[in-house]
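The values are calculated or read from the model by the stated rules, or taken from the named source; none is laboratory data. Given the structure is predicted, the values throughout are model-derived calculations rather than measurements. FYI the Cβ positions are ideal-geometry reconstructions off the backbone, even for glycines, and counts take in every protein chain you see.
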Amino acid sequence: MSQDRKKLIAKAKRIVIKIGSAVLTGAGEGLDQKRIEQLAAEISAIMDQKREVIIVSSGAIAAGLAKLGLKKTKGMPLPLKQAAAAVGQSRLMWMYEKTFATHDKKVAQILLTREDLSNRTRFLNARSTLHTLLEHDVIPIINENDTVAVAEIKFGDNDNLSGMVVHLADADLLVILSDIDGLYTSDPRIDSHAQFIPLVEKLTAEVERGAGDAQSLVGTGGMRSKLMAAKKVGAYGVPMLIVNGKKQGMLRSVFEGVEVGTFFLPKAVRNRSRQHWIAYTACTNGGVIVDDGGRDALENKGKSLLPGGIVRIEGTFKAGDCVHCADRSGNIFARGLSKYSSDDLEKIKGLKTSQIEGVLGHKDYDEVIHRDDLVIL
């Protein structure tokens, strides 16, 4: 076993475990109670080692579809999926409540939308709630609030959500339980020559090309979304592990030091929490196009963005909103929090800072985006 892997797993005290729909359901026909009981036993054993566990759980829509007598989610209208989530969420939580109670463990339900995390105040409130639950030995079980989430506020899938929860909870390790043993050079379900990859030291374009999309009828993610989660948590200095959650004992094996699944090493230098939130969690409502000098000042000189470097405004946003920064060719290279609204920027773009007050009637800031509120992607 890689010494880095062994050391990182050994010191992980707060773990996010993402459980996919394909793991929780019996051939796509509702929840698999026996498998959930097995997972509850394995997770409880991890907690008995003085570790904290947060679960990001799929399965609500799949459980609801079974209850409604339906077979799959693909091609179904959004309102029907939301109705299935409403029916299935209580069933899913009841199953968790019952199975963990047999191990004297308490659970709590947290339903999130993208807006809950992209708003900085709500993000910090959610973090406080999570930490309080963990202090009281409660297992937070997190899912997207599918009943109300629409395209504009969806996380996309629970792989993406689990990556955000790692940052939200300040976790030490992300474990994704999937219906496959880990990462391969190509999809082993369609390529008999696919080779297993036990360790990923760096996510390269070649590694990403081998990833496929979801094969399960009840899932929404795929290996590609898992790699995006690995990139997200890796930038925060947190490792990730993909293991086959349909095989009993996998979680126990992980924490007994057995080399299973695919392990993703994190970056050596991690983002600060606020930077990471700007880069990966805050939603952007628009952006600014900057000239070559503006890009150079941000990327290579560590400067703040001034109005003189801006050539065009995209979208509509308020002061304090997160915006992207792109060059004249449309390549997005940074994200940051704008000190000015899009309306005000339309008036002062291209101007010197000394001209701002004369145009707007006030000048609250010299910078459009201060360096402390900017992340180079």
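Determine, yes or no, whether I190 is at pLDDT 90 or above, of a type outside the set (K, R) and farther than 20 Å from K81 by Cβ. Steps first, please.
Values: at pLDDT 90 or above: no; of a type outside the set (K, R): yes; farther than 20 Å from K81 by Cβ: yes.
So I190 fails the test.
Between a residue in the stretch 7-22 that is part of a helix (DSSP H, G or I) and any residue that is modelled with pLDDT under 95, which pairs come within a Cβ distance under 6 Å, given they are 6 or more apart or on different chains?
Cβ pairs passing all conditions: S21/S58; S21/G59; S21/A62; S21/V218; S21/G219; A22/D179; A22/S216; A22/G219.
Looking at the stretch 300-339, which of its residues are within 27 Å of the chain's Cα centre (by Cα), surrounded by fewer than 19 Cβ atoms within 10 Å (Cβ to Cβ) and aliphatic (A, V, I, L, M)?
Result: A319, A326, I332.
Would it be correct to say that L177 is crowded, with 17+ Cβ neighbours inside 10 Å, under 24 Å from L31 (Cβ atoms), at pLDDT 90 or above and not hydroxyl-bearing (S, T, Y)?
Working: crowded, with 17+ Cβ neighbours inside 10 Å: yes; under 24 Å from L31 (Cβ atoms): yes; at pLDDT 90 or above: yes; not hydroxyl-bearing (S, T, Y): yes.
The answer is yes for L177.
Helices (runs of 4 or more DSSP H) wholly in the stretch 55-125 with at least 2 residues that are assigned by TED's automatic domain parsing to the domain that holds A41 and small (G, A, S) - which ones?
Details: elements: 60-67, 78-101, 114-118.
Qualifying helices (runs of 4 or more DSSP H): 60-67, 78-101.
Let me confirm something: among K339, K352, K318, K303, which residue is touching a Phe, Trp or Tyr at 6+ places or on another chain (Cβ under 6 Å) and among the basic types (K, R)?
On the way: K352 fails: touching a Phe, Trp or Tyr at 6+ places or on another chain (Cβ under 6 Å); K318 fails: touching a Phe, Trp or Tyr at 6+ places or on another chain (Cβ under 6 Å); K303 fails: touching a Phe, Trp or Tyr at 6+ places or on another chain (Cβ under 6 Å).
Just one listed residue meets the conditions, K339.
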